[in-house]
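Reviewing the structure listed below.
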Amino acid sequence: MPRINQTIQTTPYFRVLSENQIEMIYSAALDVIQRTGARFHHEEALELFRNSEAVVTDENLVRVPISLVERAIKCHPRKINLTGRTGKYTIKLEKDVVNFGTGSDLPFTYDRKTGERRRTNYQDVVNAGRIVDYLPNLDFFMSHGIVQDVPNPQTYDRYQFMAMLEGCTKPMVLTSVNGEGLEDLWKMACLFREDEKEYRLKPLFVAYIEPISPLKNDRTAVEKLLFCAEKGIPCMYTPCPSSGATAPATMAGMLVQSLAETLMASVLTYLKNPGMPLVMGGVTTVLDMITTAYSYGAPELSLASAANTDISKWIGLPMFSTGGCTDAKVLDEQAAIESATSNFYAYLSGASLVHDVGYIDSGVNASLESLVMNDEIIGMIRQMGKGINTEEEYLALELIDKIGPGGEYLTSEHTLKHYKEWFQPRLQDRSDYETWVREGKKTMNDRIKEETDRILKEHQPEHIDEKIQKELKEIIEAAEKRHAK
Amino acid sequence: MSEKLGKIADGLLHGKIKEVAELTQELLDEGMDPEEILQKGLFAGMDVVGKKFRDCEMFIPEVLRSAKAMHAAMEKLRPVLSEESSSKAGTVVMATVQGDLHDIGKNLAGMMMEGAGFNVIDMGIDRKTEDIVAMVKDKKPQILGLSALLTTTMPKMGEVINALKEAGIRDQVKVIVGGAPVTDDFALEIGADAYAPNASIGTEKALELVKG
């Protein structure tokens, strides 16, 4: 007989903030925008604000009435779909669908031959892309490293995107030098669709843009925002405050300020062209008060990010969160601890994009091995997120009775069917001691190195069509010519 | 007929218990040499299973399903096999020693050995030393598998080996010991022939010992 009055929890349920707390933070952010305001270093932006209900004083300080903020924030879509260059991979950026990916623009790469860090180059980004393309638990790609073996730093972003496209067929998040750079990246991405309008239906990337905390918006960031608004390009405006230095030392205070910064971007893009797909976010962490490091392993980063995700879900925007990263200089025990805990917390929170997987050395150094390690961690985490099924087949009452006291379940059809629902590790060792000794006493680190070698040796992503390759290069060459003067 | 041998090997791989047993019977009825069925059908199939297991392409529940199919075919084949072939796929007596009620590891090893073609006589749990010796005398197995999970019952395995010596039948049977607290050193110390850290290695060791 079926039961009445039942609630089934199909997955674990997790939140940091109550609805009342979210309302308090949102309300405080509105007050910041109306009372304190934010600075914009961009003439067109200031003109847009002056022609609206907003007030511009002291040259570039913008204060906005709450009514305008609330109109603007309602205009963004609640979800965004991203599709990789080949169409094989699509991810959905929406509430409680969690996608994991790398971070971008690390100046250094951990050299796998010398064990030292060195400047990141084009091939490093291609290789990171190939690894992300291969790993089943990484869903999107940011460049991991910043390409530095290029003719001109002002055009590096086009080469970097080219390297990313070469290595990876998954959806992406892209950084750019400025508005002009972003326009080139967008043109390059459009080559993989029939035209601009088709591209809008099936975007390939989210543009990464950040304000300067506290409450400052520089020229290049605003250029990019306005271009995204004009073309309807998905973008994220993601504050990177360090608590205690560029934001209040309290988590709540940092969240209020970050939200105010994001809401300001919402208003600006609304005034330009309402409806731009916007992702909320932020790397909301602490400034280490001994070393002054901007910490990528701090528990406060995970806590504040999960709280921020609660806010994003309440507002109805996808969320850009952080995990799988560390302050450790190499892939050691600290790296494993910090990667695992941050991934787990970000996953439970239900953020849409969890980035910076594979960052070591406090967001300075890029590790390929860390990507391989994190893939296993994320696999475990996704398994823990599956929850417990309590349907009849799963309660297994009939089976327990059939097997009886002292029996065994190894040879039952039920086992054969359901053990496949378990997580099967690829890298973790569960062998007996003798086997482990016989196979060379390998540590997790040894196995990660071997697997990284294997992927780099074997995996090649689908090739880019020659015609498109040529057109991509033409865009890069044109940029090169413009900047040669 | 050789097409059916291929089907037997394939059926083993996919754990088709009924089909493998039926095909074995059909080939016997058609007059094929049982030795050929064993080598080219059953062992050929189980070799693939073993390889896939080592390469992590098959897991324990699937291997056991294949083992069940092997066991069903051996039921048909064993009565008509020559003595020489029979001993190649010999008899294993298994028991958990006295004082110990754990048996999942032993059962798993037994099932895997059946899969390798052995005739497995499982004495169950908590078996007295004299009962085990009597069984070895009676059934004359090629292999005796002893299991203990507890450090407190481990010494009983040494006791069984001594009792075999006293009965004058130690050299007639190879002894494999296993169980979580058991080690290579311990096996050597008590005079066992082999130590099996898990069921699949136990099966490999049993095959090696039978080959001599």
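The values are calculated or read from the model by the stated rules, or taken from the named source; none is laboratory data. If you're wondering where the values come from, they're calculated on a predicted model, not measured in any experiment. Because the Cβ atoms are built from the backbone with ideal geometry, glycine has one as well, and the counts that use them run over all protein chains shown.
Inspect the range A:401-411 for any residue being assigned by TED's automatic domain parsing to the domain that holds A:Tyr134, assigned to a loop (DSSP other than H, G, I, E, B) and either under 29 Å from A:Ala346 (Cα atoms) or free of Cβ contacts under 8 Å to residues at least 12 places away in the same chain (or both) and give the result as yes or no. No, that holds for no residue.
Are any of the residues in the range A:241-248 over 21 Å from the mean Cα position of the chain (by Cα), of a type in the set (A, V, I, L, M) and either assigned to a strand (DSSP E or B) or surrounded by fewer than 24 Cβ atoms within 10 Å (Cβ to Cβ) (or both)?
Let us first name the residues in the range A:241-248 that are over 21 Å from the mean Cα position of the chain (by Cα), namely A:244-248.
Narrowing further to those that are of a type in the set (A, V, I, L, M): A:245, A:247.
Applying the additional criterion that residues be either assigned to a strand (DSSP E or B) or surrounded by fewer than 24 Cβ atoms within 10 Å (Cβ to Cβ) (or both) yields A:245, A:247.
Yes: the range A:241-248 contains one or more residues that are over 21 Å from the mean Cα position of the chain (by Cα), of a type in the set (A, V, I, L, M) and either assigned to a strand (DSSP E or B) or surrounded by fewer than 24 Cβ atoms within 10 Å (Cβ to Cβ) (or both).
Within the range B:23-38, the set of residues being surrounded by fewer than 18 Cβ atoms within 10 Å (Cβ to Cβ) and assigned to a helix (DSSP H, G or I) comprises B:Gln25, B:Glu26, B:Leu28, B:Asp29, B:Glu35, B:Glu36. When residues of the range B:173-198 are filtered for being over 18 Å from B:Gly212 (Cα atoms) and away from every other protein chain (no Cβ under 14 Å), how many remain? So the count comes out to 2.
Based on this model, can you work out whether B:Met74 counts as assigned to a helix (DSSP H, G or I), within 26 Å of B:Val48 (Cα to Cα) and either among the aromatic types (Phe, Trp, Tyr) or touching a Lys or Arg at 6+ places or on another chain (Cβ under 8 Å) (or both)?
So B:Met74 does not fit the description; no.
The residues listed here are A:Lys187, A:Lys170; of these, the one that is assigned by TED's automatic domain parsing to the domain that holds A:Glu223, of a type in the set (D, E, K, R) and buried (at least 20 other Cβ atoms within 10 Å of the Cβ) is A:Lys170. Would you confirm whether any residue within the range B:39-61 is among the charged types (D, E, K, R), within 15 Å of the chain's Cα centre (by Cα), part of a helix (DSSP H, G or I) and within 14 Å of chain A (Cβ to nearest Cβ)? The answer is no, given that none of the residues of the range B:39-61 is among the charged types (D, E, K, R), within 15 Å of the chain's Cα centre (by Cα), part of a helix (DSSP H, G or I) and within 14 Å of chain A (Cβ to nearest Cβ). With respect to the conditions (1) out of contact with any Lys or Arg (no Cβ under 9 Å at 6 or more places or on another chain); (2) aromatic (Phe, Trp, Tyr); (3) more than 12 Å from chain B (Cβ to nearest Cβ), A:Tyr433 lacks only one, and its number is (3). Annotation: A:Val56 fulfils all but one of (1) closer than 23 Å to A:Ala307 by Cβ; (2) surrounded by 16 or more Cβ atoms within 10 Å (Cβ to Cβ); (3) without any contact (Cβ under 8 Å) to a residue 12 or more places away in the chain; the unmet one is (1). Restricted to the range B:112-131, and to residues that are more than 11 Å from chain A (Cβ to nearest Cβ) and among the aliphatic types (A, V, I, L, M), which residue is farthest from the chain's Cα centre (by Cα)? Applying the filter and picking the extreme gives B:Met123.
Being on the phi > 0 side of the Ramachandran plot, acidic (Asp, Glu), touching a residue at least 24 places away in the same chain (Cβ under 8 Å) and crowded, with 19+ Cβ neighbours inside 10 Å is a condition met by no residue of the range A:87-96. The one condition from (1) part of a helix (DSSP H, G or I); (2) free of Cβ contacts under 8 Å to residues at least 24 places away in the same chain that B:Leu12 does not meet is (2).
One line per residue, one yes/no per condition, for (1) surrounded by fewer than 24 Cβ atoms within 10 Å (Cβ to Cβ); (2) at pLDDT 95 or above; (3) more than 17 Å from the chain's Cα centre (by Cα); (4) in a helix (DSSP H, G or I):
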position: A:Met164; (1), (2), (3), (4): no, yes, no, yes
position: A:Gly181; (1), (2), (3), (4): no, yes, yes, yes
position: A:Arg200; (1), (2), (3), (4): yes, yes, yes, yes
position: A:Leu225; (1), (2), (3), (4): no, yes, yes, yes
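In the range A:408-418, the residue that is farthest from the other protein chains (Cβ to nearest Cβ) out of those that are under 38 Å from the mean Cα position of the chain (by Cα) and surrounded by 15 or more Cβ atoms within 10 Å (Cβ to Cβ) is A:His418. Within the option set A:Ser362, A:Ser339, being assigned to a loop (DSSP other than H, G, I, E, B) and in the same structural domain as A:Leu135 (by TED's automatic domain parsing) holds for one residue only, A:Ser362.
Taken over the range A:277-326, residues that are farther than 30 Å from A:Lys231 by Cβ and of a type in the set (Phe, Trp, Tyr) amount to 2.
B:Ile201 satisfies every condition listed in (1) surrounded by fewer than 22 Cβ atoms within 10 Å (Cβ to Cβ); (2) farther than 16 Å from A:Ser431 by Cβ; (3) within 13 Å of chain A (Cβ to nearest Cβ) except (2). Only one of these is buried (at least 17 other Cβ atoms within 10 Å of the Cβ) and either part of a loop (DSSP other than H, G, I, E, B) or over 19 Å from the mean Cα position of the chain (by Cα) (or both): B:Ala134, B:Ala192, B:Ala180, B:Ala109. Name it. Exactly one residue qualifies, and that residue is B:Ala192.
Listed conditions (1) without any contact (Cβ under 8 Å) to a residue 24 or more places away in the chain; (2) of a type outside the set (Phe, Trp, Tyr); (3) touching a Ser or Thr at 6+ places or on another chain (Cβ under 9 Å) are all met by A:Ser349, apart from (1). For A:Tyr134, are the conditions met, namely being within 25 Å of A:Lys449 (Cβ to Cβ), touching a residue at least 12 places away in the same chain (Cβ under 8 Å) and hydroxyl-bearing (Ser, Thr, Tyr)? The answer is yes for A:Tyr134. Listed by first and then second residue, the pairs linking a residue in the range A:286-302 that is part of a loop (DSSP other than H, G, I, E, B) to a residue that is among the aromatic types (Phe, Trp, Tyr), with Cβ atoms under 7 Å apart and 6 or more places separating them unless they lie on different chains, are A:Tyr296/A:Tyr359.
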